[in-house]
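The values are calculated or read from the model by the stated rules, or taken from the named source; none is laboratory data. Bear in mind that the values here come from a model prediction, so they are computed numbers and not experimental data. Note: ideal-geometry Cβ built from the backbone for every residue, glycine included; neighbour counts use all protein chains shown. Heavy atoms of the whole protein, side chains included, go into the accessibility calculation; ligands, DNA and RNA do not. Shrake-Rupley method; radii C 1.70, N 1.55, O 1.52, S 1.80 Å.
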Amino acid sequence: MSSRIKTLIVTFAVALLTLTWAASAALGQDLNTDQDIQDGIAIDIRGGIRRATIPLAISPIGGQGGDPSISREIMETLTRDLMISGYFTLIPRDQIFFDLGSDGMTASSINFQNWFNIGASGLVKGTYREASGQVKLDLRLFKVESGVQANLNWKPESVSRIQLRQAVHRFANAVIEHYTGNRGVFGTKIAFAARTKTNEKHIYTMDMDGANLTRVTRNGAINILPSWGRGGVYFTSYQDGNPNLYFWRWGGKPQLVSGHEGLNAGASQCKDKLLVTLSKNGTNTDIYQIHPNTGAIEARLTDHWGIDTSPSWSADCSKVAFVSDRAGSPQIYVMDADGSNQRRLTFEGDYNTSPDWSPRGNSILYTRRGAGNNFDIYSVDLKGYSERLTENQGSNKDPSWSPNGQYIVFASTRDGGGARIYIMTADGQFQTLITRNGSGYATPVWSR
Amino acid sequence: MSSKNLTRSLARLLALLLGVAFLALACGEPPTKALEDAENSLLEAASVSECAEEEFRKAEEALAKAKQLVEEGEYDEAAIQAAKAKQLADNAKAAGEANWDDCQKAKNPPDTEGQFEVALDKMETVYFDFNESALTDEAKKKLQKNVEWMKRRPEAKVRIEGHCDEQGTTDYNLALGELRGQTVRKYMMQLGIKPDRLAVVSYGSELPVDLGLNADAYAKNRRAEFKVLQ
């Protein structure tokens, strides 16, 4: 074939694709969902150091019955989960150029050479069957080099249509577990506050991949500082005029927990112990232990002339990180559960706030104000050794650990926008946006 | 087959494919999703529409036109128009956000001189330095006037509202606003106001008076305001 013909073919093919795409975009239809999802995620590897990621291919999901949105939702959920996990490089759909017709769902019926040739190390295959509202979901992970199916801690599930996402999340968690030894965090919840009007801010929850947005408050007031308690979310609301602490049991109506005159804010729960910041009787802010339901004061942990606030329990409920300005500027401190042995952990910087103690080990995340008025996320251990996790990316605030200690959720103003919610791996290497649109998000907290 | 012939048949085939692609897209359904997308984008743009009025109006018009086309049964045209409306609304949102600071400033010009003297009949707002709750000399002078005001109205009870700028973190700002309010309250008590006439509430950084993200705006937001309760 002459080179002229080749050029012509390529030109026509490109023209055809472009026109189809343009026409489809004009109609507002999704042409290639996988690509759309990948486009929606900002991958950022800090300092140009790329951690070794596992090249993974997801074969198109085959299925019987139901509407095409089922396979789309499976693909979308799976792609987004594996992308934001930070452990994989997903092979773009358009690189899977070979005929998949003969590829089956078992190791013996898969042409692994094809997948090897496009650089895949892992291969995910899936089918579903939909009948009378139930979706039978079968997803499998294959190891391309050895040509065998991976033995996952997951079995095919039969779920209702609305539980489909959760089932896919469970499979993704098993894939993460297969590669890292730690079960993934997909399907876990994140609560946050977002401004909706000038004088209104509301509490929301969402899945950690940004889906399933649920609004908690509908009181026309300012609501701030959500934190997870057992079976629901604590937050501070101005609905009564005073910043009072409320608890929202999942799906119910928020109930008043603590309504002392002055501040009632920043709850941290460990087992039956709930710590909050109060400024009762016109005193400055101090940390108290109160009853998780009645709000009755059980103990006072700090008693100082300056600010003491933002308690965060250690995983074993034996210690508490908090913020104090007793040395002239806000710094991170640690104390025992009864308020004894208070000592300072951070000595660099003149503004260190918002501690969050790891659910595993003794790494405490916090926010530091740096040069140029930018804020960044750091962690500090009990010896006072600090590590910086964000840099040169707008202001980054309000870090919160994932339940397994593998990820951190935080609010960032990077890319010139208002604050949006991002997650990063615990080492800060992989950072990615999870809120789907808008800005004005604050204080994300991960469910424990 | 000669190479010339092959070229010609390929060209024909591709032309045919293009035609099929267009036919396939010319569907007979109202573009519900495209309209929904456009409406959602417009809703999102609405919050900043006052700072991108022209762009927002165009987006609204495009959507109205799309809806009209649906009523006329021109679904293909309507879909294109809806996509255009969505694009315009996205543009309006981006423009509104980008322009927000300047536009808000233009709409709310900074306090003019002389207001200080005019405002004799009300309590005056006092301001703080960054991350500080200590009272400046200027703040103390204003508080002395506020105390005089309260002494002339012995029945009045006042709520001191402590505020911070938006630079810090939500949790710490809430505590700092409280401390600012308490510091003001203590000073006014020292000057003879009874404690039960002075309540304190901290709003942290939740209620800025100036939405700007610059030093001037921040300085205006680090404040204690006074609300007369009765």
Original post:
So for chain A, taking the charge dipole from beta-carbon charges (+1 Lys/Arg, -1 Asp/Glu), which of A:422, A:110, A:297 sits furthest toward the positive end?
Top reply: A:110
Subject >> Between 0 and 90°, nearest 10: helix A:3-26 axis offset from chain A longest Cα axis >> reply: 40
Subject >> Residue-by-residue Karplus 3J(HN,Hα) for region A:222-229, coefficients 6.51, -1.76, 1.60, Hz, glycine and proline x >> reply: 8, 10, 9, 6, x, 8, 8, x
Original post:
If you line up the long axis of helix A:69-84 against the longest principal axis of chain A, both from Cα atoms, how many degrees apart are they, to the nearest 10?
Top reply: 60
Original post:
So if we plug the beta-carbon distance of residue A:388 and residue A:183 into 1/(1 + (r/R0)^6) with R0 = 25 Å, what FRET efficiency do we get, rounded to 0.05?
Top reply: 0.35
**OP:** Calculate the spin-label point distance for residue A:439 paired with residue B:157, positioning each point 7 Å from the Cα along the beta-carbon direction, and give it in nanometres.
**Re:** 4.2
Subject >> Computed [θ] at 222 nm, deg cm²/dmol, chain A (DSSP H ≥ 4; -39,500 (n - 2.57); rounded to nearest 500) >> reply: -5000 deg cm²/dmol
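Charges only on Cβ, +1 for Lys and Arg, -1 for Asp and Glu: so what's the dipole of region B:115-228 about the Cα centre, in debye to the nearest 20? Write down the numbers at each step before the final one.
Values: 19 positive and 19 negative charges, 155 e Å.
Dipole size: approximately 740 debye.
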Original post:
For region A:32-180, what is the accessible area per residue in Å², given a 1.4 Å probe and the full set of protein chains?
Top reply: 46
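For the pairs A:197/B:194; A:201/B:93; A:125/B:86; A:397/B:141; A:271/B:186, flag any whose C-alpha to C-alpha distance is greater than 27 Å. Write out the running numbers ahead of the final one.
Numbers: A:197/B:194 37 Å; A:201/B:93 20 Å; A:125/B:86 36 Å; A:397/B:141 36 Å; A:271/B:186 38 Å.
Result: A:197/B:194; A:125/B:86; A:397/B:141; A:271/B:186 exceed 27 Å.
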Original post:
What is the interface area between chains B and A, defined as buried accessible area summed over both chains with a 1.4 Å probe, reported in Å² to the nearest 100?
Top reply: 4100
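Can you give the net charge of the other residues whose Cβ lies under 10 Å from the Cβ of residue A:353, counting K and R as +1 and D and E as -1? Don't skip to the end; give the middle numbers.
On the way: positive: A:368, A:369, A:397; negative: A:325, A:398, B:171.
For residues surrounding residue A:353, the net value is 0.
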Subject >> Estimated distance in nm for a label pair at residue B:145 and residue A:218, the labels positioned 7 Å out from Cα along Cα-to-Cβ >> reply: 4.6
Original post:
Any idea how far apart residue A:111 and residue B:219 come out in nm if each label point goes 7 Å out from Cα toward Cβ?
Top reply: 7.2
Original post:
By a straight-distance test (C-alpha under 19 Å), which aspartates and glutamates pair with residue B:157 as possible cross-link partners, with residues fewer than eight away in the same chain excluded?
Top reply: A:240, A:261, B:121, B:124, B:148, B:178, B:196, B:225
**OP:** With unit charges on the beta carbon (Lys/Arg positive, Asp/Glu negative), name the residue among B:31, B:70, B:81 whose Cα is farthest towards the positive pole of the charge dipole of region B:26-107.
**Re:** B:81
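Placing +1 at every Lys and Arg Cβ and -1 at every Asp and Glu Cβ, with all other atoms neutral, what dipole size does chain A have around its Cα centre, in debye to the nearest 20?
Details: 45 positive and 41 negative charges, 67 e Å.
In debye, rounded to 20, chain A gives about 320.
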